[in-house]
Amino acid sequence: NSAPTTNTLTASPDPSVTGEDVQVCSTVTVDPPGGGTPTGTVMFTEPGGATQTVTLDAVGVACYTSTTLTTGTITGAYSGDAGYVSSPGTTAVTVNSADTTTAVSATPDPSVTGQSVEVCATVAANVPGGGTPTGTVTFTGPGGMNQTVALAAGEACVTTASLATGTITGVYNGSTGYAGSTGTVAVTVNPADTTTTVTATPDPSVT
């Protein structure tokens, strides 16, 4: 008869952070009194439903690397083969929020009073985390700046013509899988040049 098997799943590292490379492995062994090395495939299912099918190697191990894990349970279903019975395996994983860095820039800088200045915040996950953070950034700064903007491809920008000299702060408010962070940029707003035009009406006139 086909020999029963045991399917052991592991994830390394665990815990991990969002976007980190995690190696997920299934080791299929034969229960006594059976022997030999099972062949076939293992279908892994991640929390959230993503699947990956991997063929067992010469020693009965199937591995893949994931960057999309979330906290939950990974299942690995061994398919079985002509001489070995299929078997399920599970392992619980913890995926913590990745730390982030927020960089704020202002263009042009220096500017002059009333000039349009584009202020941008770029939010990136810190290694070993990965992926592209989502969520919002709240900008505050001199001249009454106070605006919240959604990230697009990891960047949020706002244009203002009311800046004054000082420091702009961009606060990334965090999102699922990513921790909040804060960035600043100092800006200089110089006085704008002016032109004075003098007129006399009527001209000519009489004494």
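The values are calculated or read from the model by the stated rules, or taken from the named source; none is laboratory data. Note that the coordinates shown come from a computational prediction; the quantities given were computed from them, not determined experimentally. Glycine also receives a Cβ, built like all others from the backbone with ideal geometry; neighbour counts cover every protein chain displayed. The accessibility values were calculated without ligands, DNA or RNA, using every heavy atom of the protein model including side chains. Shrake-Rupley method; radii C 1.70, N 1.55, O 1.52, S 1.80 Å.
For the chain, what is Rg from Cα atoms divided by 2.2 N^0.38 Å, rounded to two decimals?
In units of the globular-protein estimate, the chain measures up at 1.81.
Of all the accessible heavy-atom surface of region 103-207, with the other protein chains kept in place and a 1.4 Å probe, what percent is carbon and sulfur? Result for region 103-207: 52 percent of the exposed heavy-atom area is carbon or sulfur.
Ligands, DNA and RNA are left out, and with a 1.4 angstrom probe the accessible area of region 1-145 is 47 Å² per residue. The Stokes-Einstein estimate for region 7-74, based on a Kirkwood radius over Cα pairs and taken at 20 °C with 1.002 mPa s viscosity, is a diffusion coefficient of 168 µm²/s. Spin-label model, residue 85 to residue 63: label points 7 Å out along the Cα-to-beta-carbon direction sit 2.9 nm apart.
With the contact rule set at Cα under 8 Å and sequence spacing of 6 or more, what percent relative contact order holds for region 116-173?
Numbers: 114 pairs, mean separation 24.9, N = 58.
Relative contact order here is 43 percent.
The antiparallel fraction among DSSP beta bridges confined to the chain stands at about 90%.
Based on the Cβ-Cβ distance from residue 109 to residue 194, what FRET efficiency comes out when R0 is 22 Å, to the nearest 0.05? Don't jump to the answer; show the numbers that get you there.
Values: r = 21 Å, r/R0 = 0.98.
Once the sixth-power term is evaluated, E becomes 0.55.
For region 164-203, the Kirkwood estimate of hydrodynamic radius, built from reciprocal distances between every pair of different alpha carbons, is 14.7 Å.
At a 10 angstrom cut-off on C-beta neighbours, averaged per residue, how do the peptides 110-121, 55-66 rank from highest to lowest?
In descending order of packing, they fall as 110-121, 55-66.
Take every Cα pair under 8 Å whose residues are at least 6 apart in sequence, average their separation, divide by the length of region 1-116, and the relative contact order is 31 percent.
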